[in-house]
Amino acid sequence: MALVPTPPPADVIEPHTAPDEIETRAAFDRRLSTGSLAGLTVQGLRLDLSPVPDLTGTDVAGTLFVGCRFADREVGADLVRRGANVVPPFSGLPYPTQPSHLYTPEELAAGFAEGGFAGMYDTRVYEHFRAHGGALPDVKEALGQRLHDHGVDNALADATRAWLATHGPQSVVGVMGGHAVPRGSGPYRMAATLGWELARADRLIVTGGGPGVMEAANLGAYLASHPVEDLAAAIDLLATAPDFTDHDRYTAVALEVRQRYAPAHGLPRARGELSSLDWARTGGLAIPTWLYGHEPANLFAGKIAKYFSNAIREDTILRLARGGIVFAPGRAGTVQEVFQAATKTYYGTDGASGAYVFLNRDYWTRELPVEALLRPLLAASPFGDLSGTVYLTDDVAEAARALIGGVG
């Protein structure tokens, strides 16, 4: 029998702390005051805004400025002459080539009040993506997208670092399921209630950032500081626009719910000032992709890591969700995620995994009998019999217990 492949070394796949990366103006100003930026990477900063920094006497040997804006072209040329590397923002792109932070719902929805769904930042980026080759972009577009997604990678590592240091990797729970589940339906309410329960137990919800089950889970986390009656009322309001293909109405009602049910107990809105330990209870995390940009943005996550690359996005969701994954009924995409996650668990690629919780026992044993293949597969893991991590249930409380019990 062939040897079982081993997972990659931990240092290959774990996010790295990068003390030489400068991603905020405050950090830049502190380093600039020392007289040297040598060897640093400065990412996505507006160095053309007042107070415009004076870089003429600064040591910039080996400094990389990527996606930064300067007061004029001569500043960048002077930096290159003095030993820096400058990758300026690409012209003509509606998105940053090196974002310094994760997106917020407000940023993705910017422009909706003036131009409806078609005028949103999120939609404008998607239309640009389609016009420049979609998943097979031209060279300039491909470079811009790769730089953007690298910036999102960096921002995501920064955003989750404090949470993981405090709560541990087993506190992050993924929620997968059908994008077409209508608002107000039984599966939608079940996923929202589970998201509410988990967020109140200090579990960070991570979803694929789309509509349906994904929106429901982030909605539950967004309302975690509210009583459950508010969650039910919010779902009832959202159910007046149940179909995500009705883009304008669907988005308008989501924004209405966000305004009406802002996080309680003095928690800030999901903006830059949001504490790295508060955002689990103000919507958690969503990781969507512009590959599916025809679907309206899920506007209930606290922070949004939106990628162009769907492959990076899918792997990132599953890498983070070490505290277990919830699978609500879904079709081919959800089944793909089941076994993509199972591969990581089987080989221990990202370390220990939590429970696999399947909502709707009949669906997963009869309609799509995934359990029959998954249990024997996990039982044969080189790390021992992991089949006991599989749970099938029709009860939110039972699902919550299986996931919350996974953290000591």
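Answer with yes or no whether E23 is at pLDDT 95 or above, charged (D, E, K, R) and either surrounded by 14 or more Cβ atoms within 10 Å (Cβ to Cβ) or under 16 Å from P88 (Cα atoms) (or both). The answer is no for E23.
Candidates are the residues of the range 381-404 that are without any contact (Cβ under 8 Å) to a residue 24 or more places away in the chain and assigned to a loop (DSSP other than H, G, I, E, B); the one that is nearest to G348 (Cα to Cα) is G384. Any idea which residue in the range 390-408 is nearest to V326 (Cα to Cα), counting only those that are at pLDDT 95 or above and open to solvent by 60 Å² or more (accessible area, probe 1.4 Å)? Step by step, filter the range 390-408, then rank; the result is Y391. Every listed requirement among (1) surrounded by fewer than 14 Cβ atoms within 10 Å (Cβ to Cβ); (2) over 16 Å from Q340 (Cβ atoms) is met by T365 save one, (1).
Comparison of T240, T251 shows that the only residue that is open to solvent by 10 Å² or more (accessible area, probe 1.4 Å) and over 15 Å from G283 (Cβ atoms) is T240. Checked against the criterion of being over 24 Å from A157 (Cα atoms) and within 20 Å of the chain's Cα centre (by Cα), the range 273-281 has no qualifying residue. For the range 338-348, a residue qualifies if it is open to solvent by 30 Å² or more (accessible area, probe 1.4 Å) and either touching an Asp or Glu at 6+ places or on another chain (Cβ under 7 Å) or in a loop (DSSP other than H, G, I, E, B) (or both), and exactly one does: Q340.
For the range 24-41, residues that are part of a loop (DSSP other than H, G, I, E, B) and not polar (S, T, N, Q) total 5. Could you go through the range 71-94 and let me know if any residue there is modelled with pLDDT of 95 or more and closer than 30 Å to G283 by Cα. Checked the range 71-94: at least one residue is modelled with pLDDT of 95 or more and closer than 30 Å to G283 by Cα. Taken over the range 42-87, residues that are assigned to a loop (DSSP other than H, G, I, E, B), acidic (D, E) and open to solvent by 70 Å² or more (accessible area, probe 1.4 Å) amount to 2. Given the condition in a helix (DSSP H, G or I), open to solvent by less than 20 Å² (accessible area, probe 1.4 Å) and of a type in the set (F, W, Y), answer yes or no: does some residue in the range 319-327 qualify? Taking every residue of the range 319-327 in turn, none turns out to be in a helix (DSSP H, G or I), open to solvent by less than 20 Å² (accessible area, probe 1.4 Å) and of a type in the set (F, W, Y). Once the range 183-204 is narrowed to residues that are charged (D, E, K, R) and over 14 Å from R401 (Cα atoms), the residue that is least open to solvent (accessible area, probe 1.4 Å) is R183.
For every residue, the table says whether it meets (1) in a helix (DSSP H, G or I); (2) among the basic types (K, R); (3) open to solvent by 30 Å² or more (accessible area, probe 1.4 Å).
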position	(1), (2), (3)
F90	no, no, yes
P96	no, no, yes
P99	no, no, no
R130	yes, yes, yes
L136	no, no, yes
A142	yes, no, no
D149	yes, no, no
N154	yes, no, no
L164	yes, no, yes
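When each of G174, G220, G209 is tested for being open to solvent by less than 10 Å² (accessible area, probe 1.4 Å), closer than 20 Å to L320 by Cα and in a strand (DSSP E or B), the lone residue that passes is G174. Kindly evaluate R375 against the criterion of being closer than 21 Å to A180 by Cα, in contact (Cβ under 8 Å) with a residue 12 or more places away in the chain and surrounded by fewer than 18 Cβ atoms within 10 Å (Cβ to Cβ). No: the conditions fail for R375.
In the set (1) surrounded by fewer than 20 Cβ atoms within 10 Å (Cβ to Cβ); (2) in a loop (DSSP other than H, G, I, E, B); (3) without any contact (Cβ under 8 Å) to a residue 60 or more places away in the chain, E114 fails one condition alone, (2). Only one of the numbered conditions (1) touching a residue at least 40 places away in the same chain (Cβ under 8 Å); (2) under 15 Å from A280 (Cβ atoms) is violated by H226, and that is (1). Quick one: would you say G351 is closer than 24 Å to A192 by Cβ, surrounded by fewer than 20 Cβ atoms within 10 Å (Cβ to Cβ) and in contact (Cβ under 8 Å) with a residue 40 or more places away in the chain? No, not satisfied.
The residue pairs whose first member lies in the range 237-266 and is part of a helix (DSSP H, G or I), whose second member is among the β-branched types (V, I, T) and modelled with pLDDT of 95 or more, and whose beta carbons are closer than 8 Å, counting only pairs six or more residues apart or on different chains, are L237/V253; L237/V257; L238/V253; L238/V257; V253/T240.
Against the test of being in contact (Cβ under 8 Å) with a residue 24 or more places away in the chain and over 26 Å from P288 (Cα atoms), the options D122, D54, D29 yield a single qualifying residue, D29. Applying the condition of being touching a Pro at 6+ places or on another chain (Cβ under 9 Å) and not β-branched (V, I, T) to the range 72-102 and asking which residue is nearest to F300 (Cα to Cα) yields P96.
Under the condition of being of a type in the set (D, E, K, R) and within 18 Å of V172 (Cα to Cα), the residues counted in the range 188-237 number 5.
The values are calculated or read from the model by the stated rules, or taken from the named source; none is laboratory data. Predicted, not measured: the structure shown is a model, and the values here were computed from it. Note that we place each Cβ from the backbone using ideal geometry, even for glycine, and neighbour counts take in every protein chain shown. Please note that ligands, DNA and RNA were not included when accessible areas were found on the heavy atoms of the full protein model with its side chains. Shrake-Rupley method; radii C 1.70, N 1.55, O 1.52, S 1.80 Å.
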